[in-house]
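K.L.:
The structure follows.
The values are calculated or read from the model by the stated rules, or taken from the named source; none is laboratory data. Note that the structure is predicted; figures quoted are calculated from it, not measured. When we count neighbours, we look across all protein chains shown, and the Cβ atoms used for this are built from the backbone with ideal geometry, even at glycine.
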Amino acid sequence: MKQRIKVIGITGGIASGKSTIAGMLESLGADLIDADKICHELINTKGIALEITKRWGNHLQDNSGKIKRDVLAEIVFSDEKEISALNSIIHPVAIKQIKSEIAKLHSDVATEAIVLDAALLVESNLVDICDVVLFVNTEKDRCKTRVQNTRKWHLDEIEKREKFQGLLTQKREISDVIINNNNSKKDTLNQVKDFWSQFITKK
């Protein structure tokens with residue numbers, strides 16, 4: 001009899017390397033659910049786009065009717081009330097879709113494990129549907145360097161956004177496994193492989 005398919009949740013700070021580790025798990029055989037990608041796609045669905053423009057104005061849409069995500073981010077990440085409003089519009093629909101995808105994967109005999117890459121895994125209570133939670137431990141300076149190199153954010157942007165995420169110490173405490181992402185990519189991959197063999201392939 002096949003063992004129960006595990007749902008692996010990944011948490012950590014901004015630019016800590018969560019998506020990199022999710023990709024490593026996918027390369028080992030996990031099916032990936034990218035919550036951020038789901039949210040980005042949902043922003044331009046008719047109902048949600050309408051809710052967004054109703055609250056923040058039609059100027060948020062470009063000429064093709066798509067929401068200007070950078071302009072929206074500038075508005076919501078400057079005020080806790082605004083980010084809460086956006087989350088209340090998107091999160092219920094996103095969580096429903098994520099749970100639906102997990103259910104589909106559970107019924108697929110080829111599924112070995114499911115990895116859930118969600119920036120707000122803890123804040124949106126998605127941690128409750130995970131069997132095991134990985135915390136990506138990365139030094140703050142490394143995160144800042146990554147943000148500047150890959151996302152072209154200003155230095156203060158990481159602090160601004162982190163204000164709206166849960167405390168890292170709390171995320172670390174509720175996690176089952178810590179992945180140290182401060183050394184080489186090979187070192188991180190070895191830790192991910194060790195986790196995979198212990199929690200997923202071990203009978």
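K.L.:
Could we say that residue 49 is of a type outside the set (D, E, K, R), in contact with a strand residue (DSSP E or B) (Cβ under 8 Å, 6 or more places away or on another chain), under 30 Å from residue 198 (Cα atoms) and surrounded by 12 or more Cβ atoms within 10 Å (Cβ to Cβ) here?
P.N.:
Judged against the criteria, residue 49 is not a match.
K.L.:
Another question, if that's okay. When residue 113 is evaluated against the numbered criteria (1) surrounded by 14 or more Cβ atoms within 10 Å (Cβ to Cβ); (2) under 15 Å from the mean Cα position of the chain (by Cα), which criterion, by number, is the only one it fails?
P.N.:
The number of the failed condition is (2).
K.L.:
From (1) touching a residue at least 60 places away in the same chain (Cβ under 8 Å); (2) surrounded by fewer than 17 Cβ atoms within 10 Å (Cβ to Cβ); (3) touching a strand residue (DSSP E or B) at 6+ places or on another chain (Cβ under 8 Å), pick out the condition that doesn't hold for residue 61.
P.N.:
Unmet for residue 61, out of (1) touching a residue at least 60 places away in the same chain (Cβ under 8 Å); (2) surrounded by fewer than 17 Cβ atoms within 10 Å (Cβ to Cβ); (3) touching a strand residue (DSSP E or B) at 6+ places or on another chain (Cβ under 8 Å): (1).
K.L.:
All but one of (1) assigned to a loop (DSSP other than H, G, I, E, B); (2) at pLDDT below 85; (3) closer than 22 Å to residue 24 by Cα hold for residue 143; which doesn't?
P.N.:
(1)
Rundown of residues vs (1) more than 14 Å from the chain's Cα centre (by Cα); (2) within 30 Å of residue 137 (Cβ to Cβ), yes/no style:
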{"site": "6", "(1), (2)": "yes, yes"}
{"site": "12", "(1), (2)": "no, yes"}
{"site": "19", "(1), (2)": "no, yes"}
{"site": "23", "(1), (2)": "no, yes"}
{"site": "29", "(1), (2)": "yes, yes"}
{"site": "45", "(1), (2)": "yes, no"}
{"site": "56", "(1), (2)": "yes, no"}
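K.L.:
Of the residues 109, 93, which is touching a helix residue (DSSP H, G or I) at 6+ places or on another chain (Cβ under 7 Å) and either aliphatic (A, V, I, L, M) or in a strand (DSSP E or B) (or both)?
P.N.:
When all the criteria are applied, what remains is 93.
K.L.:
If you don't mind, another one. Could you count how many residues in the range 71-120 are over 27 Å from residue 7 (Cα atoms) and in contact with a Ser or Thr (Cβ under 6 Å, 6 or more places away or on another chain)?
P.N.:
0
K.L.:
Exactly one condition in (1) farther than 22 Å from residue 18 by Cβ; (2) of a type in the set (Phe, Trp, Tyr); (3) modelled with pLDDT under 90 is false for residue 56; which is it?
P.N.:
So the condition that residue 56 fails would be (3).
K.L.:
Restricting the range 67-114 to residues that are aliphatic (A, V, I, L, M) and touching a Lys or Arg at 6+ places or on another chain (Cβ under 7 Å), which is farthest from residue 47 (Cα to Cα)?
P.N.:
Per the stated criteria, the residue is 113.
K.L.:
Let me ask something else about it. Being in a helix (DSSP H, G or I) and either loosely packed, with under 14 Cβ neighbours inside 10 Å or among the basic types (Lys, Arg) (or both): is that true of residue 19 here?
P.N.:
So residue 19 does not fit the description; no.
K.L.:
Please verify whether residue 78 is loosely packed, with under 14 Cβ neighbours inside 10 Å and part of a loop (DSSP other than H, G, I, E, B), treating the condition exactly as stated.
P.N.:
Considered against the rule, which asks whether it is loosely packed, with under 14 Cβ neighbours inside 10 Å and part of a loop (DSSP other than H, G, I, E, B), residue 78 comes out as yes.
K.L.:
Among what's in the range 25-75 and is among the acidic types (Asp, Glu) and not in a helix (DSSP H, G or I), pick the residue that is farthest from residue 104 (Cα to Cα).
P.N.:
Going through the qualifying residues, I end up with 62.
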